[in-house]
Amino acid sequence: MTASSSLRTVAAVLVVVLMLLTIWSAYNLYSDVRASHTSTPVRVAVYAARVNGSFVAQLGPNTLCNCTEVAGINMTLFPSITRVINATVGTDITVDVPATITMTDVFSVTLSSGVWSKSIYTSPPNQTSVSDTTFASTQDRFASNVSSVEREIASIENSTQYPATSVSVTLASEVLVSIAVSGTTGTLSLESTGNLTFFPDHIQTGFATRSFNGDVYAPGPPDGAIPASAYLLVAIMAVGLIASVIWFAALSSPRGTKEEEAIPALEDLIAPYEEVIADTASVPDPAATVRIDRWEGLVKISDTLGKPILRPSGGKPLAYRTSFYVLDGDIGYLYRYGVSGPEPGPSVSTAADLPGGPHETLRRVRVVASRIESLPPSDARFPRALARFRRLRALIQAHRWIEAERVLAELEASLSAVAEKATGSSKDGAAPSKDN
């Protein structure tokens, strides 16, 4: 992984972390803002409600009960002596502080059996309002002649053809209460029912008393101001997130390198020599490479050898596309436009400063190689000369031209001595035959 990709990875992780922290801090700030605009309800009043009912039966002359009126709950009345039944439903509200109490009630009477039901009375809404007090009350009354109810029941049974063993008269009281205290209004709904059940031989009555208790609440003061640290945290996270996004974008966006920025200058440099430049799809790989530090020097070598200047092209990396070669057999002369930094080894100017130039030096190397090849392997000097030649090749490949020149001179001297000795021996051997 390169340094730039490592930095992009760090920037990406930083963006994700800061984004999560920004969302978290923004949510906490949102929660604080909501809390600052809401309040905990405060109880301002306590109420108590009671719904109760009673029945009073007016009786005719009879021998079963020595009275003309029966009142109470869960009493048994006989149709033969019951003339009129009166029902009363009352609702009382008590509040522990001064308040305005408004009560709206609807009272209804319904006949029903197991298979049918019919409403026979519904009162219009009745509203009662009491201010600056802690008590309010409503009452609903219903009076019915028993014989009228029995006729109604008989009419329903005949029309529906569903005779019933018993029929209930349901008295329903629905009261909607509004309690206003210190600008706050609380509402509640109270319901209560009473029943009279008509059997063939008696009437059963009943009414249950119901009680309700509760509280009236008002909005309290705001829960508290938002701390400045909450805003500061969100601001810091947001600024950090923006900075990390900009950093990541800068690392990820394509940008020109120094080499790319120098391409126009390179094109201007080689433009006058386009006729001797040839593009090649492959990168030359000579056995020995001589670095040339000036473009004009490579042009001169090309002109001397009559060889074209080769430039790798196509999809090659930029370092290759700014490199130029002149090939002379297994020797390559390389000029690299100075944008990728120097390569390891001695400066290329060392090769250019050699006597006769690098081309002449390599020509001498080939001469030395041919002389070594002409030595017989049995010659005791052959191993030493071969070892020196290998050393020479290594120095040339490492561009250590000064050392290579010294080793080359030693090789040339030793091989010249060998050649002179061989020539002298040849002359000495030929003289006797001449005398002969």
Take region 68-82 and flag every residue that is part of a loop (DSSP other than H, G, I, E, B) and either modelled with pLDDT under 80 or among the hydroxyl-bearing types (Ser, Thr, Tyr) (or both). Thr68, Ile73, Asn74, Met75, Ser80
Listed by first then second residue, the pairs whose first member lies in region 176-200 and is farther than 27 Å from Ser112 by Cβ and touching a residue at least 12 places away in the same chain (Cβ under 8 Å), whose partner is polar (S, T, N, Q) and buried (at least 21 other Cβ atoms within 10 Å of the Cβ), with beta carbons under 9 Å and at least 6 positions apart or on separate chains, are Val177/Thr91
Condition check for Ser119: modelled with pLDDT of 85 or more, more than 26 Å from Ala48 (Cβ to Cβ), of a type in the set (S, T, N, Q) and assigned to a helix (DSSP H, G or I): no
Do we find that Ala164 is assigned to a strand (DSSP E or B), assigned by TED's automatic domain parsing to the domain that holds Val51 and either of a type in the set (A, V, I, L, M, F, W, C) or modelled with pLDDT under 85 (or both) in this structure? no
Working carefully through the options Ala243, Ala271, Ala278, find the one that is at pLDDT 75 or above, touching a strand residue (DSSP E or B) at 6+ places or on another chain (Cβ under 7 Å), small (Gly, Ala, Ser) and at negative phi. Ala278
One residue is enough: does region 95-102 have a residue meeting the conditions over 20 Å from Ala45 (Cα atoms) and either of a type outside the set (A, V, I, L, M, F, W, C) or in the same structural domain as Tyr47 (by TED's automatic domain parsing) (or both)? no
Tally time: how many residues in region 298-354 are under 53 Å from the mean Cα position of the chain (by Cα), modelled with pLDDT of 80 or more and among the small types (Gly, Ala, Ser)? 1
Which of the following residues is exposed (fewer than 13 other Cβ atoms within 10 Å of the Cβ) and in contact (Cβ under 8 Å) with a residue 40 or more places away in the chain: Ala143, Ala154? Ala143
Residues that are at pLDDT 85 or above, out of contact with any Ser or Thr (no Cβ under 7 Å at 6 or more places or on another chain) and surrounded by 12 or more Cβ atoms within 10 Å (Cβ to Cβ): does region 189-212 have at least one? no
Region 386-406, subset assigned to a helix (DSSP H, G or I) and of a type in the set (Gly, Ala, Ser), residue nearest to Ala369 (Cα to Cα): Ala387
Please work out if Glu261 is exposed (fewer than 12 other Cβ atoms within 10 Å of the Cβ), modelled with pLDDT of 80 or more and among the acidic types (Asp, Glu). no
Residue check for Pro98: within 60 Å of the chain's Cα centre (by Cα), free of Cβ contacts under 8 Å to residues at least 24 places away in the same chain and farther than 25 Å from Pro200 by Cβ: no
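The values are calculated or read from the model by the stated rules, or taken from the named source; none is laboratory data. Not measured: the values here are computed from a predicted model. Glycine also receives a Cβ, built like all others from the backbone with ideal geometry; neighbour counts cover every protein chain displayed.
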